[in-house]
Amino acid sequence: MYVPESAERTGPTVVRVSSPTERRNPHSVDLDLMSTRDVLRVINEDDRRVPAAVATVLDEIVAAVDLAVTALRDGHRVHYFGAGTSGRLGVLDAAELSPTFNTPGHWFCAHLAGGPDAVWRPVEDAEDDETAGSAEARECVRAGDVVVGLAASGRTPYVLGALRTAAAAGAATVLLCANPDAEAARSVTVFIGVDTGPEVVTGSTRMKAATAQKLVLNAFSTAVMVRLGRVYSNLMIDMVATNAKLRGRMISILMEATGCAEEVSRRALTEADGDLKAALVSLVSGAAVADARAALDRSADQVRGAIALLAG
């Protein structure tokens, strides 16, 4: 809501955000006069800038991945704190990890300004509540955890409150935003500032800024899962088969990974009681399922490590 300057002293607080996402995009100044195809062309051309922008912060993403891998191996957790679209993307990323990689439910925890209802409806003023972010972090973040703040502008009070409290508790902190010059960069362990520039619709950070956050979160969490041994080659080997399609995918994964026929792969999976990793190690090594499970236990559930143990 716009508040005239004369009303600022007594009316709602007004903040003019200084961020690339708030600037006007010179390529879309006549957006409302364009044909539908031209609108879509302009959006598409601008979207193409996002992967290139993400490519410039790969080293920072590496640092965040390493923090998360260490934390999870040591029994700690990864938290996402965000508001609006940024927060919803954190919820989405956390929700997708369990069915894809069979992650324990406590590994990735998503916190959204305004609570669960904000997934479905806007609770825009919740992002201004620094105290709420701080209180939520105080309640659930512990020393050794990793806290990832998601804020397009890099200045969302709810997110910064959570990051400050998390750091004070001994957690590592990461800020992912679309403002390379965000002040908060100096106060976090890892800063990932993706320069996506002005949005096609000025200030609409559900567009390029959100696309960049989605790309970074996808890469971040997937790389963490790879480093933790939940991928063999490029195959998901910790997936949960909860429907017919996924049960079929398990068979396909075994066939791809081992070169075995479908019948052999089905039999191995049955003998392993649906444990894809045990079936895979058994087929590759030629060992019995029980020996494959024992090798997985000794190798911290790493397939390649288990195969190496059985080969030795």
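The values are calculated or read from the model by the stated rules, or taken from the named source; none is laboratory data. Remember, it's a predicted structure, so these values are computed and weren't measured experimentally. So basically every Cβ, Gly included, is an ideal-geometry build from the backbone, and we count neighbours across all protein chains shown.
Odds and ends about this structure:
- Taking the listed residues ASP291, ASP275, the one that is modelled with pLDDT under 95, farther than 18 Å from SER19 by Cα and surrounded by fewer than 21 Cβ atoms within 10 Å (Cβ to Cβ) is ASP275, with no other qualifying.
- Scanning segment 83-113 for residues that are under 16 Å from ALA152 (Cβ atoms) and either in contact with a Ser or Thr (Cβ under 7 Å, 6 or more places away or on another chain) or not in a strand (DSSP E or B) (or both) turns up ALA83, GLY84, THR85, SER86, GLY87, ARG88, LEU89, GLY90, VAL91, LEU92, ASP93, ALA113.
- Verdict on ALA53 being modelled with pLDDT of 95 or more and of a type outside the set (Lys, Arg): yes
- Odd one out for ALA132, checked against (1) touching a Leu at 6+ places or on another chain (Cβ under 7 Å); (2) free of Cβ contacts under 8 Å to residues at least 40 places away in the same chain; (3) of a type in the set (A, V, I, L, M): (1)
- Of all residues in segment 199-211, one or more are among the small types (Gly, Ala, Ser) and under 15 Å from the mean Cα position of the chain (by Cα).
- Residue match in segment 194-208 (condition: closer than 16 Å to VAL65 by Cβ and in contact with a strand residue (DSSP E or B) (Cβ under 9 Å, 6 or more places away or on another chain)): yes
- Odd one out for ALA52 among (1) buried (at least 16 other Cβ atoms within 10 Å of the Cβ); (2) assigned to a helix (DSSP H, G or I); (3) of a type in the set (Gly, Ala, Ser): (1)
- Only one of the listed residues (VAL281, VAL231) is within 17 Å of GLU96 (Cβ to Cβ) and of a type in the set (Val, Ile, Thr). That residue is VAL231.
- Restricting segment 181-198 to residues that are in a loop (DSSP other than H, G, I, E, B) and under 21 Å from the mean Cα position of the chain (by Cα), the residue that is nearest to GLN213 (Cα to Cα): VAL194
- Test: residue in segment 56-70 that is at positive phi, free of Cβ contacts under 8 Å to residues at least 24 places away in the same chain and surrounded by fewer than 20 Cβ atoms within 10 Å (Cβ to Cβ): no
- Residues being outside the structural domain of GLY75 (by TED's automatic domain parsing), touching a residue at least 40 places away in the same chain (Cβ under 8 Å) and farther than 24 Å from ARG77 by Cα - total across segment 207-245: 1
- Scan of segment 170-188 for residues that are farther than 15 Å from PHE81 by Cα and surrounded by 17 or more Cβ atoms within 10 Å (Cβ to Cβ), ordered by number: ALA178, ASN179, PRO180, ALA182
- Leading residue by the ranking (nearest to GLY90 (Cα to Cα)) among those in segment 204-213 that are touching a helix residue (DSSP H, G or I) at 6+ places or on another chain (Cβ under 6 Å) and surrounded by 17 or more Cβ atoms within 10 Å (Cβ to Cβ): GLN213
- Test set (1) touching a helix residue (DSSP H, G or I) at 6+ places or on another chain (Cβ under 9 Å); (2) over 24 Å from SER28 (Cα atoms) - PRO51 fails condition number: (2)
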